[in-house]
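Okay, handing you the structure first.
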Amino acid sequence: MIAVGVMSGTSLDGVDAALVEIMPSRSSYRIALLDFASRAYDAGVRAALQNVLPPNVGSVAAIAKLHRTLGAAFAETAGAVTKARRPDFIACHGQTVWHDGPASVTLQIGDPFVVRESLGATVCYDFRSADCAAGGHGAPLVAYVDALLLRSADEDRVALNLGGVANVTLLRRDAAPGDAVAFDTGPANMLLDAIVQERTGGRNAFDRDGSLAAAGRVQSGLLNAMLTDEYFAAPPPKTTGRERFGAHFLAKHGAALAACSLEDAAATLAELTAVSIARALSAQNFRPARVVVAGGGARNPTLMARLSHHLAPAPLERSDLHGIPAHAKEAIAFAVLGYETLRGRAANVPRATAARRPAMLGAIAPHDLFALLARVERECDAAR
């Protein structure tokens, strides 16, 4: 089966699309990344998104227009990896514009029917709503995929994703997917990106190669003040996003940040990410364990070095060593979730999301659906 996983995250940096060959294999999947593309949002789209995201209050009209605009952006990025070849299906996460996990409220936009019309293939989408309807937080959803693809019979592992938010999946050796523990630890790149954009007037979107943080010094007073946020001490299940760790979080510490150079601010925010992750793992008695890292933050050597320092003696390595390219992992994960939707299988982890029951995730914008489902059934029968 050839699928496209499309991912746009809390960093608001753009859209990732992974073209993957995906085949069921007993209790897991065989995955091969065939192509990958990343397209940055243009300045107008990014500004429109920021205008509807907290702490701003967007209009229904603005969100409706973005819903269509983002559908076209998702289709364009997916088309960049499919080229002239029609995929069997597309799995599209959508762009989160509101998420309140404890209230079981979430909203992702990006019209899947625009994607379907553009690529002529079935689209699986809206993966979080079913978990919310079952009383869950609607996140984290990649815990199920982490358990399928990264668990080990020989050792405990932590799957760590460093996107806008940092999330972990704790995998005891040879545990079943439903036994995974997963939650958001707090900000990963979100605050660091925001301070760089603010101080450079938008000329730079992030701390490239971690060079700013590497040149700065951690301001311990500011770091400790940030770590008093109640989210860090809250037990899982828990999820977070821009609603808590957006620009208003920086504004809360505005006076202390204003006294810092950009380099010192970057170093302090990178340290916040590393320390909050290490403390979260300690609180779950999950140290030391092998830490498998993916997401944009895996490309930041300064952040990786600080994580290695705080997590020692646990080994820290990129997910590439386990056959899952770190830059494409989340897009790959949603391709797997899309396959689970087509199989009609529950793919949330209630222990991670606090849902009352396992839930089949995702809605379907169908294109020649009967033929697709018949192929899925044949592949799954052959894998048994």
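The values are calculated or read from the model by the stated rules, or taken from the named source; none is laboratory data. Everything numeric here is computed off the predicted structure, so don't read it as measured data. Counting neighbours? That spans all protein chains shown, and the Cβs are built from the backbone with ideal geometry, glycine included.
Do we have any residue at all in segment 317-324 that's crowded, with 22+ Cβ neighbours inside 10 Å, of a type in the set (Gly, Ala, Ser) and assigned by TED's automatic domain parsing to the domain that holds Asp16?
Looking through segment 317-324, none of the residues is crowded, with 22+ Cβ neighbours inside 10 Å, of a type in the set (Gly, Ala, Ser) and assigned by TED's automatic domain parsing to the domain that holds Asp16.
Could you give me the residue pairs with C-beta distances under 9 Å whose first residue belongs to segment 71-90 and is closer than 15 Å to Leu34 by Cα, whose second residue is surrounded by fewer than 24 Cβ atoms within 10 Å (Cβ to Cβ) and aromatic (Phe, Trp, Tyr) wherever it lies, and which are 6+ apart or on separate chains?
Qualifying pairs under 9 Å: Val81/Phe36.
So which residues in segment 199-237 are touching a His at 6+ places or on another chain (Cβ under 7 Å), under 22 Å from Ala267 (Cβ atoms) and either among the basic types (Lys, Arg) or crowded, with 18+ Cβ neighbours inside 10 Å (or both)?
Passing the criteria: Leu222, Met226.
State yes or no: is Val218 within 26 Å of Arg351 (Cβ to Cβ) and hydrophobic (A, V, I, L, M, F, W, C)?
no
Conditions first: (1) touching a strand residue (DSSP E or B) at 6+ places or on another chain (Cβ under 8 Å); (2) surrounded by fewer than 16 Cβ atoms within 10 Å (Cβ to Cβ). Phe74 passes all but one, so which condition is the exception?
(2)
Look at segment 77-114 and say how many of its residues are in contact with a strand residue (DSSP E or B) (Cβ under 6 Å, 6 or more places away or on another chain) and closer than 30 Å to Phe183 by Cα.
Qualifying residue count for the region: 19.
Check off (1) in contact (Cβ under 8 Å) with a residue 40 or more places away in the chain; (2) surrounded by fewer than 21 Cβ atoms within 10 Å (Cβ to Cβ); (3) among the β-branched types (Val, Ile, Thr) for Val60 and give me the number that stays unchecked.
With respect to (1) in contact (Cβ under 8 Å) with a residue 40 or more places away in the chain; (2) surrounded by fewer than 21 Cβ atoms within 10 Å (Cβ to Cβ); (3) among the β-branched types (Val, Ile, Thr), Val60 is out only on (1).
Could you check Ala312 against (1) surrounded by fewer than 17 Cβ atoms within 10 Å (Cβ to Cβ); (2) among the aliphatic types (A, V, I, L, M); (3) assigned by TED's automatic domain parsing to the domain that holds Tyr29 and say which number it fails?
(3)
Please pick out the residue among Ala355, Ala346 that is surrounded by 13 or more Cβ atoms within 10 Å (Cβ to Cβ) and without any contact (Cβ under 8 Å) to a residue 40 or more places away in the chain.
Details: Ala355 fails: without any contact (Cβ under 8 Å) to a residue 40 or more places away in the chain.
Checking each option against the conditions leaves just Ala346.
Which ones in segment 108-143 are over 18 Å from the mean Cα position of the chain (by Cα) and of a type in the set (Phe, Trp, Tyr)?
Phe113
Would you mind telling me which numbered condition in (1) crowded, with 16+ Cβ neighbours inside 10 Å; (2) of a type in the set (D, E, K, R); (3) at pLDDT below 95 Lys329 fails?
(3)
So, one more: Please give the number of the condition Val292 fails out of (1) under 22 Å from Asp209 (Cα atoms); (2) modelled with pLDDT under 95.
For Val292, the failing item is (2).
Can you tell me which of Thr240, Thr185 is touching a strand residue (DSSP E or B) at 6+ places or on another chain (Cβ under 8 Å), part of a loop (DSSP other than H, G, I, E, B) and surrounded by 14 or more Cβ atoms within 10 Å (Cβ to Cβ)?
Of the residues listed, the single one that is touching a strand residue (DSSP E or B) at 6+ places or on another chain (Cβ under 8 Å), part of a loop (DSSP other than H, G, I, E, B) and surrounded by 14 or more Cβ atoms within 10 Å (Cβ to Cβ) is Thr240.
May I pose another question? Among the residues in segment 272-287, are any without any contact (Cβ under 8 Å) to a residue 24 or more places away in the chain and either buried (at least 19 other Cβ atoms within 10 Å of the Cβ) or assigned by TED's automatic domain parsing to the domain that holds Glu155 (or both)?
Taking every residue of segment 272-287 in turn, at least one turns out to be without any contact (Cβ under 8 Å) to a residue 24 or more places away in the chain and either buried (at least 19 other Cβ atoms within 10 Å of the Cβ) or assigned by TED's automatic domain parsing to the domain that holds Glu155 (or both).
Name every residue in segment 257-292 that is within 20 Å of the chain's Cα centre (by Cα) and polar (S, T, N, Q), in order of residue number.
Thr273, Ser276
Could you list, in sequence order, the residues of segment 24-48 that are among the small types (Gly, Ala, Ser), in contact with a helix residue (DSSP H, G or I) (Cβ under 8 Å, 6 or more places away or on another chain) and farther than 30 Å from Arg384 by Cα?
Ala37, Ser38, Ala48
Then there's this: Restricting segment 1-36 to residues that are acidic (Asp, Glu) and outside any loop (DSSP other than H, G, I, E, B), which is surrounded by the most Cβ atoms within 10 Å (Cβ to Cβ)? I'd like the intermediate steps shown before the answer.
Here is the first cut: in segment 1-36, the ones acidic (Asp, Glu) are 13, 16, 21, 35.
This time we only want the ones that are outside any loop (DSSP other than H, G, I, E, B), so: 16, 21, 35.
Values: Asp16: 25, Glu21: 14, Asp35: 15.
Ranking the qualifying residues of segment 1-36, first place goes to Asp16.
Oh, and also: Got a number for residues in segment 200-230 being in a helix (DSSP H, G or I), among the polar types (S, T, N, Q) and within 12 Å of Leu262 (Cβ to Cβ)?
Summing the residues that are in a helix (DSSP H, G or I), among the polar types (S, T, N, Q) and within 12 Å of Leu262 (Cβ to Cβ) in segment 200-230 gives 1.
Here is a further query. What number of residues in segment 232-251 are out of contact with any helix residue (DSSP H, G or I) (no Cβ under 9 Å at 6 or more places or on another chain) and of a type in the set (D, E, K, R)?
1
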